[in-house]
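The values are calculated or read from the model by the stated rules, or taken from the named source; none is laboratory data. Please read these numbers as outputs of a predicted model, since none were measured by experiment. Cβ sites come from the backbone with ideal geometry, for glycine too, and all protein chains shown count toward neighbours. The protein model used for the area step is the full one, side chains on, heavy atoms only, and it has no ligands, DNA or RNA in it. Shrake-Rupley method; radii C 1.70, N 1.55, O 1.52, S 1.80 Å.
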Amino acid sequence: MTMLIPVLLAADDTLAAGLRDVLASIALTGGLFFMFVGAVGVVRFPDAYQRIHAASKCTTLGLAGMLIAALLHVWTLDIAGKAVMAIVFTFVASPIGSHLLAKSAHHAKMEQWPGTLSDELAQDKADPNYSVSDDEIGVPEGPTRLVRGEDARSMRVGAA
Amino acid sequence: MMMHLPDHLAPLLVASEGVTPWTRTMLDMIITGGIILMSLGVLLCMIRLLKGPTLVDRGLAADTISIQIAGLVLLLTIRLETLVVFDVVLVVAILGFVSTLAFAQYLGRKGAAV
């Protein structure tokens, strides 16, 4: 480590760009690895739920690594703002999309891989105390009813 | 400003005008490999899109393809060192998210989506 200190002190633009390029190469390699692994998982996994799992890895870690690489290499304030915005957006949006997709797949009673060990959502749906029925997952028919106060509290799981 | 460096570290500072630094060469090689790798990923997702047994698989494969295309645009940004195409990444990410939401909503309304 002490060898690096004079290098960092003497860093002119060329050397700083070189160091940033090394870091960008590492981040880019990681991002590419996750992207490719996600694509392979989408093809190879035996089950729709496992494919969703693979695809969400590809979105978050792969795109974040590649965005960090672009930020380190180009190194301007414009790309910093946009890259941070894109990273935050994908980290929020990708789990939401995967969750909704998996929920609608489960709602459609898609078959699971035979080795699947547990299905807690099916157990919850079979439970009469569970507050969300099958019909409320899609667009409900008829006017929606707002539940407030004591009603909402009594509808909580396990309260009845 | 140039401070004194030990002799064994001097070659780090040599890279200057007219000479491509080795770090840049390494990054270029990784980008070239990455373009091949992600095109392969798009092809793999295309296989799942074509043969996927259910609608969920197709929607998932389309979402993954959009993310891979955003990654390809990012590689183009790094290679060209310009911000002109970087906005495409944001637009594709947002479009992929919204289309996934709409697709899940459609499947939930349709009920038996298999």
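Being within 8 Å of another protein chain (Cβ to nearest Cβ) and at pLDDT 60 or above is not true of B:ILE36. Among the residues of region A:44-61 satisfying the criterion of being without any contact (Cβ under 8 Å) to a residue 24 or more places away in the chain and surrounded by 19 or more Cβ atoms within 10 Å (Cβ to Cβ), which is nearest to the other protein chains (Cβ to nearest Cβ)? Selected residue: A:ARG51. With respect to B:GLY108, is the statement that it is in a helix (DSSP H, G or I), facing chain A (nearest Cβ under 7 Å) and of a type outside the set (Ser, Thr, Tyr) true? Taking the combined requirement at face value, the residue satisfies it.
Looking only at region A:79-95, decide whether some residue is touching a Gly at 6+ places or on another chain (Cβ under 6 Å), open to solvent by less than 30 Å² (accessible area, probe 1.4 Å) and hydrophobic (A, V, I, L, M, F, W, C). No: zero hits. Of all residues in region B:50-93, those that are part of a helix (DSSP H, G or I), at the interface with another protein chain (Cβ under 7 Å from one of its Cβ atoms) and out of contact with any Lys or Arg (no Cβ under 7 Å at 6 or more places or on another chain) total 13. Based on what the data block shows, is B:PHE103 within 8 Å of another protein chain (Cβ to nearest Cβ), open to solvent by 20 Å² or more (accessible area, probe 1.4 Å), assigned to a helix (DSSP H, G or I) and touching a residue at least 40 places away in the same chain (Cβ under 8 Å)? In short, yes. The set of residues in region B:17-46 being in contact (Cβ under 8 Å) with a residue 40 or more places away in the chain and under 18 Å from A:THR59 (Cβ atoms) consists of B:GLY34 alone.
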